[in-house]
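The values are calculated or read from the model by the stated rules, or taken from the named source; none is laboratory data. Note that this is a predicted model, so its numbers are computed, not measured. Cβ sites come from the backbone with ideal geometry, for glycine too, and all protein chains shown count toward neighbours. Accessible surface areas use protein heavy atoms only, side chains included; no ligands, DNA or RNA. Shrake-Rupley method; radii C 1.70, N 1.55, O 1.52, S 1.80 Å.
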Amino acid sequence: MDLLVDLNLLGTSPAFVEAVRLLNRFASCDATVLLQGETGTGKEVAARAIHHLGSRRDRPFVPVNCGALPDNLLEAELFGHERGAFTDARERRQGMVSQAEGGTLFLDEIEAMSPRAQVVLLRFLQDHSYRPVGGRLTRCENLRVIAASNVDLKELVARDRFRSDLLYRLSVLTVTMPPLRERGGDALLLAESFLSRYAQQYGRGEKRLHPDTAHWLTRYPWPGNIRELENLLLREFLLSERDALEIAPPDPAYAATSGAGPLSGRESDPGFRKAKASAVAAFERSYLENLLNRTRGNLSQAARVSRKDRSTLARLVKKHGIEISRFRF
Ligand SMILES: Nc1ncnc2c1ncn2[C@@H]1O[C@H](COP(=O)(O)OP(=O)(O)OP(=O)(O)O)[C@@H](O)[C@H]1O
Ligand SMILES: [Mg+2]
């Protein structure tokens with residue numbers, strides 16, 4: 001389970017655990033995988049995890065950002081080109097496909113591909129054969145393709161912006177990375193892990209979250225998902241002089257005093273005791289879920305690891321309505 005932490009796959013919410021279960025299963029299949037999810041939900045992290053959990057882990061993982069390359073360069077970037085293939089092609093160059101030989105080619109922002117590039121990719125996905133730009137010989141490469149998109153490709157197909165045959169090819173195995181707002185206590189778990197990582201990375205003392213901050217963290221909708229959380233914490237970690245980080249939410253409507261959601265105007269301050277109780281409850285829940293994840297739902301082992309009574313743990317698990325069976329994958 002610590003392998004998942006090494007792979008940056010931190011989280012214990014049901015939606016996230018289900019996504020990780022699929023990543024684990026698909027890692028051994030070697031077929032093309034499509035990763036969907038909003039920006040910052042961890043699609044690249046997921047692609048690397050599939051690569052590292054699968055049999056190609058000792059071969060290269062080559063990411064290509066399809067959105068960053070103009071149409072005419074994408075084909076050359078992917079498949080390479082012969083000398084003199086176009087004006088700037090002074091030398092023969094190997095493409096990403098050939099660099100990924102034996103490993104994984106990660107095609108990010110696949111939605112940005114032009115119609116022409118989509119045809120070329122479709123042809124490549126059929127039998128993994130291709131021709132470098134300006135070349136005459138067809139080459140074949142043994143690799144796995146993982147694609148990612150942060151828009152709904154079905155919708156693009158409906159609007160004639162993406163080829164349906166390409167979507168069928170890509171989406172044999174699909175994993176949707178859940179947005180952070182649907183991951184309950186994970187925001188807190190991630191926040192704490194980022195803070196301890198920064199303390200190590202920057203050689204500074206550990207900092208923790210002020211209870212008011214812990215309170216809104218799990219309620220704020222995080223439109224930029226994990227990346228937004230990560231960047232916010234890094235800034236506060238570097239700038240704050242205190243050990244307990246008291247961070248203002250990006251949207252003031254989610255300030256800790258606002259109760260369960262944005263201020264409605266009628267809600268009043270729940271007061272220190274309530275805010276503390278809910279921060280403690282959020283901590284308990286995420287601690288338990290993390291513990292059960294690491295011990296694969298084995299309560300006796302969880303008790304040993306956490307140095308708690310088995311019966312106390314069982315009571316806490318019940319109090320938070322946590323379903324132990326979902327950790328036994
Ligand atoms: N489960 C996780 N645990 C810890 N960190 C994570 C996790 N998932 C993602 N991250 C971190 O969040 C950031 C965003 O992840 P990533 O780049 O994989 O997102 P993405 O879905 O590819 O985003 P985009 O669509 O904007 O390219 C990265 O810095 C990554 O390290
Ligand atoms: Mg990405």
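Are there any pairs, at least 6 apart or on different chains, whose C-beta atoms fall under 6 Å, with the first in segment 16-37 and in the same structural domain as residue 155 (by TED's automatic domain parsing) and on the phi < 0 side of the Ramachandran plot and the second among the basic types (Lys, Arg) and surrounded by 20 or more Cβ atoms within 10 Å (Cβ to Cβ), and if so, which?
Pairs that qualify, where the first residue is in the same structural domain as residue 155 (by TED's automatic domain parsing) and on the phi < 0 side of the Ramachandran plot and the partner is among the basic types (Lys, Arg) and surrounded by 20 or more Cβ atoms within 10 Å (Cβ to Cβ), are 16/183; 35/43.
Would a scan of segment 114-137 turn up a residue that is within 16 Å of ligand 2 (Cβ to nearest atom), closer than 22 Å to residue 52 by Cα, in the same structural domain as residue 69 (by TED's automatic domain parsing) and at pLDDT 90 or above?
Start the filter on segment 114-137 by keeping residues that are within 16 Å of ligand 2 (Cβ to nearest atom), which leaves none.
There is no residue in segment 114-137 that is within 16 Å of ligand 2 (Cβ to nearest atom), closer than 22 Å to residue 52 by Cα, in the same structural domain as residue 69 (by TED's automatic domain parsing) and at pLDDT 90 or above.
Among the residues that make up segment 141-149, is at least one of them away from ligand 1 (no atom under 13 Å from the Cβ), more than 19 Å from the chain's Cα centre (by Cα) and at pLDDT below 90?
Yes - at least one qualifying residue is present in segment 141-149.
Determine whether residue 231 is of a type outside the set (Ser, Thr, Tyr) and closer than 23 Å to residue 24 by Cβ.
Details: of a type outside the set (Ser, Thr, Tyr): yes; closer than 23 Å to residue 24 by Cβ: no.
No, not satisfied.
Looking at segment 44-64, which of its residues are within 11 Å of ligand 2 (Cβ to nearest atom) and either touching a Phe, Trp or Tyr at 6+ places or on another chain (Cβ under 9 Å) or of a type in the set (Ser, Thr, Tyr) (or both)? Lay out the reasoning, then the answer.
Taking segment 44-64 as the starting set, the residues that turn out to be within 11 Å of ligand 2 (Cβ to nearest atom) are 44-48, 63.
Matches in segment 44-64: 44, 47, 48, 63.
Can you give me the number of residues within segment 149-185 that are open to solvent by 70 Å² or more (accessible area, probe 1.4 Å) and of a type in the set (Phe, Trp, Tyr)?
Final tally of qualifying residues: 1.
Do you know which residues across segment 282-296 are farther than 13 Å from residue 316 by Cα, touching a Phe, Trp or Tyr at 6+ places or on another chain (Cβ under 7 Å) and buried (at least 19 other Cβ atoms within 10 Å of the Cβ)? Explain how you work it out, then say what you get.
Let us first name the residues in segment 282-296 that are farther than 13 Å from residue 316 by Cα, namely 290, 293-296.
After this cut, where a residue has to be touching a Phe, Trp or Tyr at 6+ places or on another chain (Cβ under 7 Å) as well, the list is 293, 296.
Within segment 282-296, 293 is the sole residue that qualifies.
Rundown of residues vs (1) touching a residue at least 12 places away in the same chain (Cβ under 8 Å); (2) among the hydroxyl-bearing types (Ser, Thr, Tyr); (3) within 19 Å of residue 217 (Cβ to Cβ), yes/no style:
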position: 277; (1), (2), (3): no, no, yes
position: 289; (1), (2), (3): yes, no, yes
position: 293; (1), (2), (3): yes, no, no
position: 296; (1), (2), (3): yes, no, no
position: 299; (1), (2), (3): yes, no, no
position: 316; (1), (2), (3): yes, no, no
position: 324; (1), (2), (3): yes, no, no
position: 328; (1), (2), (3): yes, no, no
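Please specify each residue of segment 97-142 satisfying the condition of being surrounded by fewer than 18 Cβ atoms within 10 Å (Cβ to Cβ), touching a His at 6+ places or on another chain (Cβ under 8 Å) and part of a strand (DSSP E or B).
Passing the criteria: only 140.
Regarding residue 48, is this residue outside the structural domain of residue 190 (by TED's automatic domain parsing), charged (D, E, K, R), within 18 Å of the chain's Cα centre (by Cα) and modelled with pLDDT of 95 or more? Steps first, answer last, please.
Details: outside the structural domain of residue 190 (by TED's automatic domain parsing): yes; charged (D, E, K, R): yes; within 18 Å of the chain's Cα centre (by Cα): yes; modelled with pLDDT of 95 or more: yes.
When the stated conditions are applied, residue 48 passes them.
Is it the case that some residue within segment 55-68 is open to solvent by 30 Å² or more (accessible area, probe 1.4 Å), more than 30 Å from residue 41 (Cβ to Cβ) and out of contact with any Lys or Arg (no Cβ under 9 Å at 6 or more places or on another chain)?
No: segment 55-68 contains no residue that is open to solvent by 30 Å² or more (accessible area, probe 1.4 Å), more than 30 Å from residue 41 (Cβ to Cβ) and out of contact with any Lys or Arg (no Cβ under 9 Å at 6 or more places or on another chain).
Rundown of residues vs (1) modelled with pLDDT under 95; (2) open to solvent by 10 Å² or more (accessible area, probe 1.4 Å); (3) not in a helix (DSSP H, G or I), yes/no style:
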residue: 10; (1), (2), (3): yes, yes, yes
residue: 19; (1), (2), (3): no, no, no
residue: 38; (1), (2), (3): no, yes, yes
residue: 72; (1), (2), (3): yes, yes, no
residue: 89; (1), (2), (3): yes, no, yes
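Among the numbered criteria (1) at pLDDT below 95; (2) crowded, with 18+ Cβ neighbours inside 10 Å; (3) within 16 Å of ligand 1 (Cβ to nearest atom), which one does residue 77 miss?
(3)
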